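Quick notes on the structure that follows.
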Amino acid sequence: MVEKGVEIAPADGKLGILLVGLGAVSTTLVAGVEAIKRGISEPVGSLTQMGTIRLGKRTDDRVPKIKDFVPLASLDDIVFGAWDIFKENAFDAAMNAGVLDKDLLNQVSEQLASLKPMAAVFEQRYVKRLHGDNIKTGKNKMDLAEQLIEDIARFKSENGCSRLVMVWAASTEIYIEEAECHASLAALEKAMYDNDERIAPSMIYAYAAMKSGVPFANGAPNLTVDIPAMVELADQTNMPICGKDFKTGQTLMKTILAPGLKSRMIGLEGWYSTNILGNRDGEVLDDPENFKSKEVSKLSVLEHIFQPDVYPELYQDFSHVVRINYYPPRGDNKEGWDNIDIFGWLGYKMQIKIDFLCRDSILAAPLALDLALFMDLAARANMKGVQEWLSFYFKAPQTAPGLYPEHDLFIQLMKLKNTLRHMKGEELITHLGLEYYD
Ligand SMILES: NC(=O)c1ccc[n+]([C@@H]2O[C@H](COP(=O)([O-])OP(=O)(O)OC[C@H]3O[C@@H](n4cnc5c(N)ncnc54)[C@H](O)[C@@H]3O)[C@@H](O)[C@H]2O)c1
């Protein structure tokens, strides 16, 4: 059945992408977009820029690029803004991050140097290892939110943007659990006035974003918008939200491999994952309380994919361990090892070893770009609340209460593409395919 589709406002004018945190991921994104605009590089790793979508039957030969199928902002219409606790501009921050070659950075130095971070909302207890001096002060957390709302309005008018989106690419905050102050918008606002320590800086940004009519995507494992108060605010302000934690290196591999093992009914005894990482993210995650946020996000994946309650003979009590070790010599070039103990027919044991020499920010930057573009699309299509169709991008996808998250990368991709087809009134693809044999 062909549906009618939904009304989508055109992507006219400039789109401002507001980045919280101007570190390795953000500067790799900004430099990358500039390099791509100038034809220096291709947007490798970005589904919005390189991906295609099949429409209709396999025999129809209709396979447009996603960016030609749905109205996305063009890279030429993007303007970046940022907040950081350090004053250095995006060029200096990119040089410090050490992800991209000096040669490449020099070619886009003017654009990078002109991006200077606004003063951040920061609380030391949430990121113990970093000490910056570009930080706002205020009477209370509501006052800080109001200052961010002013920043947002000023950025929008100074840059002549017609729309904005906000992406959290700042350091991972310490692990906190949902509490009563997160249970409703009224409780959250009261807690902001009361300077409650359970209101994390990331929540203040998300609050300011939605109050300003700006969608919010969370690239780190912090709780942030994954609380009832923020879902209520999204509903009230008509804003899309999504999170959490960009799915890049090791977890990406897990969600590629685990569905394959499960689809063949191969058993699992244990999955041991360890990483060495030497960038600032690694330094922050070296603190146990910050690592706890990451650990929870990374651990949830296998439980959900293998469904031990449904397949006890294959997956009950498998052991899953995740470690991250801060090791400065590697910088942003993370090495992730996985040892996977599996068993097959008659219980015979086998092992798989993965050694992924990846580059963290090279994998994350295109995800941040796609999320910004898709969140802008969602806002123009009046899609408010949790955007589960963007689970494809996250280690710990946010879902409606009571719904388990879908982690299988291929189901996530199918869901994303079917959402785009649904938006445009195209037939959804079920892969049934009986019609070819009628
Ligand atoms: N690179 C990846 O593959 C990947 C994958 C998943 C998640 N992440 C997450 O993305 C985030 C960014 O990663 P990165 O490698 O760019 O880290 P980074 O340390 O290079 O950059 C983070 C920046 O955020 C700033 N910051 C911290 N708290 C802030 C605040 N309250 N307001 C404004 N700025 C603040 C820091 O000063 C720093 O410059 C981290 O939370 C990381 O865990 C990264």
Given P201, P215, which one is buried (at least 24 other Cβ atoms within 10 Å of the Cβ) and within 14 Å of the ligand (Cβ to nearest atom)? P201
Out of V44, V33, V6, sole residue that is closer than 25 Å to A206 by Cα and not polar (S, T, N, Q): V33
Output the residue which, of all residues in the stretch 411-430 that are touching a helix residue (DSSP H, G or I) at 6+ places or on another chain (Cβ under 8 Å), outside any helix (DSSP H, G or I) and within 29 Å of F306 (Cα to Cα), is most open to solvent (accessible area, probe 1.4 Å). L428
Which numbered condition H304 fails, given (1) surrounded by fewer than 20 Cβ atoms within 10 Å (Cβ to Cβ); (2) of a type outside the set (S, T, Y); (3) within 16 Å of the ligand (Cβ to nearest atom): (3)
Which one of these does T224 not meet: (1) within 16 Å of the ligand (Cβ to nearest atom); (2) open to solvent by less than 10 Å² (accessible area, probe 1.4 Å); (3) more than 14 Å from the chain's Cα centre (by Cα)? (3)
Residue check, L377 closer than 24 Å to F216 by Cβ, more than 13 Å from the ligand (Cβ to nearest atom) and open to solvent by less than 50 Å² (accessible area, probe 1.4 Å): yes
Go through the residues of the stretch 341-358 one by one and say whether even a single one is closer than 30 Å to R280 by Cβ and part of a helix (DSSP H, G or I). no
Tell me, which residue of the stretch 382-410 that is part of a loop (DSSP other than H, G, I, E, B), farther than 20 Å from A206 by Cα and open to solvent by 10 Å² or more (accessible area, probe 1.4 Å) is farthest from the ligand (Cβ to nearest atom)? G402
For the stretch 252-332, which helices (runs of 4 or more DSSP H) that fit wholly inside it have 1 or more residues that are among the basic types (K, R)? 280-285, 288-306
May I ask you to verify whether I66 is open to solvent by less than 20 Å² (accessible area, probe 1.4 Å), more than 21 Å from S157 (Cβ to Cβ) and touching a strand residue (DSSP E or B) at 6+ places or on another chain (Cβ under 8 Å)? yes
Is there any pair with a first residue in the stretch 69-90 that is of a type in the set (S, T, N, Q) and a second that is open to solvent by 10 Å² or more (accessible area, probe 1.4 Å) whose Cβ atoms are under 9 Å apart and which are 6 or more apart or on different chains, and what are they? S74/A11; S74/K67; N89/A113; N89/S114; N89/L115; N89/K116; N89/P117
Given A372, A364, which one is within 20 Å of V322 (Cβ to Cβ), open to solvent by less than 40 Å² (accessible area, probe 1.4 Å), assigned to a helix (DSSP H, G or I) and at pLDDT 95 or above? A364
Which one of the conditions (1) assigned to a helix (DSSP H, G or I); (2) more than 26 Å from S212 (Cβ to Cβ); (3) more than 13 Å from the ligand (Cβ to nearest atom); (4) not aromatic (F, W, Y) does A31 fail to meet, given that it meets all the rest? (3)
In the list L144, L112, L104, L148, which residue meets the criterion of being under 30 Å from N333 (Cβ atoms), open to solvent by less than 30 Å² (accessible area, probe 1.4 Å) and in a helix (DSSP H, G or I)? L112
Looking for whichever is within 21 Å of F246 (Cβ to Cβ) and open to solvent by less than 10 Å² (accessible area, probe 1.4 Å) here; the options are A90, A24. Which one fits? A90
For the stretch 151-184, give me each residue that is over 12 Å from L18 (Cβ atoms) and surrounded by fewer than 18 Cβ atoms within 10 Å (Cβ to Cβ). S157, E158, G160, S162, E177, E178, A179, E180, A183, S184
Which residues, taken from the stretch 230-251, are open to solvent by 40 Å² or more (accessible area, probe 1.4 Å) and not in a helix (DSSP H, G or I)? N238
So V322, is it crowded, with 20+ Cβ neighbours inside 10 Å and touching a residue at least 24 places away in the same chain (Cβ under 8 Å): yes
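The values are calculated or read from the model by the stated rules, or taken from the named source; none is laboratory data. Just so we're clear, the structure is a prediction, and the values are computed from it rather than from any experiment. Note that we place each Cβ from the backbone using ideal geometry, even for glycine, and neighbour counts take in every protein chain shown. Accessible surface areas use protein heavy atoms only, side chains included; no ligands, DNA or RNA. Shrake-Rupley method; radii C 1.70, N 1.55, O 1.52, S 1.80 Å.
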